[in-house]
């Protein structure tokens, strides 16, 4: 019976191995697999949140402040903004102006732009307390850097990203603020700003004081001063023109510079395939790429599954997905929905 | 009369699309099958394996797309990829919730990450013919794994005992949404394998690898959870527990699991012979998460 002997031998060997393994595993339960460093699964993601609109109130002429409540909200740094998905589907960015440590609510303020693209009108006229809104972020394109001194220039609603910065600066920091607006009544947070700034504030209401004197503002600023400006295009251009030597400029625009409304066409270079193509205003990068490379992977075409993620080598991306983390956004995009802010993108394809 | 060819059931075929779901886990208790940590953690192992595993499916399938010479199959694979990517994300979001409840899954998931990213990654074999062989081998592995995901999907859609025990509705919705999509797309991985290779030896070989690996990872995951659960002291996982729960209906029956083995190895096997697309589609039409996803799109 050689067969029986083999079976007995195998069974015996299996039993012995099992005993030996059991000891080893008891000593260290996760033996013998190595771990990936850093791990990928279970990382916290910034995802779309649905928040309850609990306050919708006028805080100045033509300015409403929104308070959105939730729980366990991500913290943010001064200068950060939130993407607000309006009921019509429009997505608008608003600077956070509440307390960064508050994890139960976000506060933003918005001005009604009469001849705007419709976002602010919707916020003012269609939103009401008790509604649920989808938000994404927060993200920070306008971070407060360390500097020996600061000059802040805020025009009207442009005070919103600046306000949390003023609150966050440690006592004794050398800073000054020019806060301009059409009239005192149209300038939000005036009272808090005056209290925070004291004699460091230059208040310019155009109906009383005329145009701000930027040359005076920039007299005797120390080397390395950080200048932060948020306001209308004209004000930002003026600040750029008056910027003293040795100072660094940080701008936060209300709208992307290149295209104030809708999509624009741009060029995409596929570096590895050595091809360049044009993405028309009414089409997507994915559609254009698939005409050249039909086997390009994609699936949902709505920016949530992540299949079409591609590495971006050059160019400024306008992210329209809601999946990628901030780190991923630096060097990659979902080509099914996201576009270019610049006139040209270079993809690693 | 031929039993050496796969026989698909055409009526089970359906166009596939990814659904953008989201779940909120705040109200889900640690033991979401009340009073039954063994069942809870046996099913929880899915959250350990699937984020990395389904990410790996997507990674492999992206590389197979250029090999597909059939437009309808390519469309199916595109839909499959999106669904798998969403499954991976949805299970991944349970992990922070486990951590908040004092059960940190990272020691285990970091290993699963290594397993799929490195061991089953692209650089395991040198480029050229070996690398092509390795790609086909992985496609076959996925087909074998999908046999089991479809089996589990069909089981969870019919696991009425979990409802009777008062299992957490959000978790059940995650499992059933996922299970229903697995049933919905159960033929894609097998069709793709048949299309690009289809060798019976490879099917049998990769089944053996996939099955033993799943058993290895699963029992390890259950033991990991039971040992690290802060509310438990000392219960050990055993095969008897599995058998008993299988009889009660809170886990798949042992007999059913064993019977599914020869079916995959049969030469006339085709996934469309098992499970019901109609049932899957009907669950998806009533799943709270899938409904919310549909509302968000339209």
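The values are calculated or read from the model by the stated rules, or taken from the named source; none is laboratory data. Small disclaimer: the values here were computed from a predicted structure and weren't measured. Cβ coordinates were reconstructed from backbone atoms using ideal geometry, including for glycine residues, and neighbour counts include every protein chain displayed.
There is no residue in segment B:211-229 that is outside any helix (DSSP H, G or I), crowded, with 16+ Cβ neighbours inside 10 Å and away from chain A (no Cβ under 14 Å). Taking segment A:266-300 as the range and being closer than 14 Å to residue B:78 by Cα and in contact with a helix residue (DSSP H, G or I) (Cβ under 7 Å, 6 or more places away or on another chain) as the test, the residues that pass are A:295, A:296, A:297, A:298, A:299, A:300. Might you let me know whether segment B:30-39 holds any residue that is within 13 Å of another protein chain (Cβ to nearest Cβ), touching a helix residue (DSSP H, G or I) at 6+ places or on another chain (Cβ under 6 Å) and touching a residue at least 60 places away in the same chain (Cβ under 8 Å)? Scanning segment B:30-39 turns up no residue that is within 13 Å of another protein chain (Cβ to nearest Cβ), touching a helix residue (DSSP H, G or I) at 6+ places or on another chain (Cβ under 6 Å) and touching a residue at least 60 places away in the same chain (Cβ under 8 Å). Of all residue pairs spaced 6 or more apart or on separate chains, those with beta-carbon atoms under 6 Å, a first member in segment B:50-62 that is free of Cβ contacts under 8 Å to residues at least 24 places away in the same chain and a second member that is outside any helix (DSSP H, G or I) are B:62/A:297. How about segment B:230-270: which of its residues are in a loop (DSSP other than H, G, I, E, B), in contact with a helix residue (DSSP H, G or I) (Cβ under 7 Å, 6 or more places away or on another chain) and under 24 Å from residue B:163 (Cβ atoms)? Of everything in segment B:230-270, those that are in a loop (DSSP other than H, G, I, E, B), in contact with a helix residue (DSSP H, G or I) (Cβ under 7 Å, 6 or more places away or on another chain) and under 24 Å from residue B:163 (Cβ atoms) turn out to be B:249, B:250, B:251, B:252, B:253. Every condition in (1) under 30 Å from residue B:294 (Cβ atoms); (2) in contact with a strand residue (DSSP E or B) (Cβ under 9 Å, 6 or more places away or on another chain); (3) part of a helix (DSSP H, G or I) is met by residue A:321 except one, and the failing one is (3).
Here is a check on your reading of the model: is residue B:258 under 18 Å from the mean Cα position of the chain (by Cα), buried (at least 17 other Cβ atoms within 10 Å of the Cβ) and either more than 14 Å from chain A (Cβ to nearest Cβ) or at pLDDT below 95 (or both)? Can you show your working first?
Values: under 18 Å from the mean Cα position of the chain (by Cα): yes; buried (at least 17 other Cβ atoms within 10 Å of the Cβ): no; either more than 14 Å from chain A (Cβ to nearest Cβ) or at pLDDT below 95 (or both): yes.
It is false that residue B:258 is under 18 Å from the mean Cα position of the chain (by Cα), buried (at least 17 other Cβ atoms within 10 Å of the Cβ) and either more than 14 Å from chain A (Cβ to nearest Cβ) or at pLDDT below 95 (or both).
For segment B:61-71, the count of residues that are under 18 Å from the mean Cα position of the chain (by Cα), under 21 Å from residue B:176 (Cβ atoms) and facing chain A (nearest Cβ under 8 Å) is zero. Screening A:75, A:50 for residues that are closer than 30 Å to residue A:162 by Cα, in contact with a strand residue (DSSP E or B) (Cβ under 6 Å, 6 or more places away or on another chain) and surrounded by 11 or more Cβ atoms within 10 Å (Cβ to Cβ) leaves exactly one candidate, A:50. Restricting the search to helices (runs of 4 or more DSSP H) fully inside segment B:73-176 and requiring at least 3 residues that are within 9 Å of another protein chain (Cβ to nearest Cβ) and crowded, with 18+ Cβ neighbours inside 10 Å gives B:94-100, B:106-114.
Picking from residues in segment B:14-29 that are within 14 Å of chain A (Cβ to nearest Cβ) and touching a helix residue (DSSP H, G or I) at 6+ places or on another chain (Cβ under 6 Å), the one that is surrounded by the fewest Cβ atoms within 10 Å (Cβ to Cβ) is B:17.
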